[in-house]
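To start, the structure under review is shown below, and the notes come after it.
The values are calculated or read from the model by the stated rules, or taken from the named source; none is laboratory data. None of the values given here were measured: they were computed from a predicted structure. Cβ atoms come from the backbone with ideal geometry, glycine included; neighbour counts cover every protein chain shown.
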Amino acid sequence: MTGMCTGRVAVVTGAGRGLGRAHALALAVEGARVVVNDLGTGIDGTGGATEPAERVVDEIRALGGEAVAHGSDIATTDGAASLVATALDAFGRLDVVVNNAGFLRDRMLVNLDEDDWDAVMRVHLKGHFLPLKHAAEHWRAETKAGRTPQARVVNTGSGAGLLGSVGQGNYSAAKAGIVGLTLVAAAELGRYGVQVNAVAPAARTRMTEQSFAETMAAPGEGQFDAMAPENVSPLVVWLSSASCAGVTGRVFEAEGGRITVMEGWRPGPAADKGARWTPAEAGEAALKLLAAAKTPQPVYGAR
């Protein structure tokens, strides 16, 4: 423990289990006071219970930290506003938002129902946007009052949103949208003292254990557990702290002991005729450019 986040207040969505729980505990260990948000739903977003968030609060308090539970739906305006209000009411300030809440409804595209598309988009993409929006409104007001914060937002992406994942069209699209949201928020909110980054984790959680049962199996006794959610949290803690000053608009992958800075879309080979192409000319030029371009990484699950 270094006390990297001492004095800071963080909200973590979807913090009742898995990655969110690991992040909340790691932030608390480093001195942050934490608002633990979770609806306690099943892996598909159905049902609900208060116990998961309350258990994490109890764990943090047992470690000597401070935490409160928040059980509202952050994919609604009222729920996201109350998340920010809970931090301010309980601890008097807000410094960090870790957007992590989500669930899966995996289907091949031809079998994917509209409701399953909407539900996954709602929890992942809207569930990132609304807490970010309401926190940003608070930080903008603070800046206008002469109290520019050192605020941080850590969004949760996925390799599925960077490369695609067979059977996860809704999830992949939502996670790709989170990357776009991260870039825009970083550009817009810097003037208010806000840094916004995204982490694409690989870890064993309820959402991944069925899809990757073999590769994510727990190791033997005494071996490094490369798929433990806790491996991702140190990067999240650093991105939540004042120590990462100047780091914004970036996407990281975190898996086991490896951290990777992801480099997004960049211009590759290009051709300019200086006039309109014919379809045949455009096709010929495109084939030449593709031959000179890097081969894209394969979509997860593709054969």
Close pairs from the range 255-278: first closer than 22 Å to THR182 by Cα, partner among the small types (Gly, Ala, Ser) and part of a loop (DSSP other than H, G, I, E, B), Cβ under 8 Å, at least 6 apart: GLU255/ALA203; GLU255/ALA226
Quick check: is even one residue across the range 264-282 part of a loop (DSSP other than H, G, I, E, B), at pLDDT below 95 and in contact with a helix residue (DSSP H, G or I) (Cβ under 8 Å, 6 or more places away or on another chain)? yes
Would you be able to say whether some residue in the range 83-95 is crowded, with 18+ Cβ neighbours inside 10 Å and more than 21 Å from ALA26 (Cα to Cα)? no
Given the condition modelled with pLDDT of 95 or more, touching a strand residue (DSSP E or B) at 6+ places or on another chain (Cβ under 8 Å), outside any helix (DSSP H, G or I) and not β-branched (Val, Ile, Thr), answer yes or no: does some residue in the range 135-149 qualify? yes
Step by step: first the residues of the range 237-275, then only those that are of a type in the set (A, V, I, L, M) and touching a Leu at 6+ places or on another chain (Cβ under 8 Å), then the one that is farthest from ARG204 (Cα to Cα). Which residue is that? ALA271
Looking at the structure I just gave you, is GLU30 surrounded by fewer than 19 Cβ atoms within 10 Å (Cβ to Cβ) and either within 25 Å of TYR171 (Cα to Cα) or among the acidic types (Asp, Glu) (or both)? no
For the range 96-114, name all the residues that are surrounded by fewer than 24 Cβ atoms within 10 Å (Cβ to Cβ) and either touching a residue at least 24 places away in the same chain (Cβ under 8 Å) or over 30 Å from GLY167 (Cβ atoms) (or both). PHE103, LEU104, ARG105, ASP106, ARG107, MET108, LEU109, LEU112
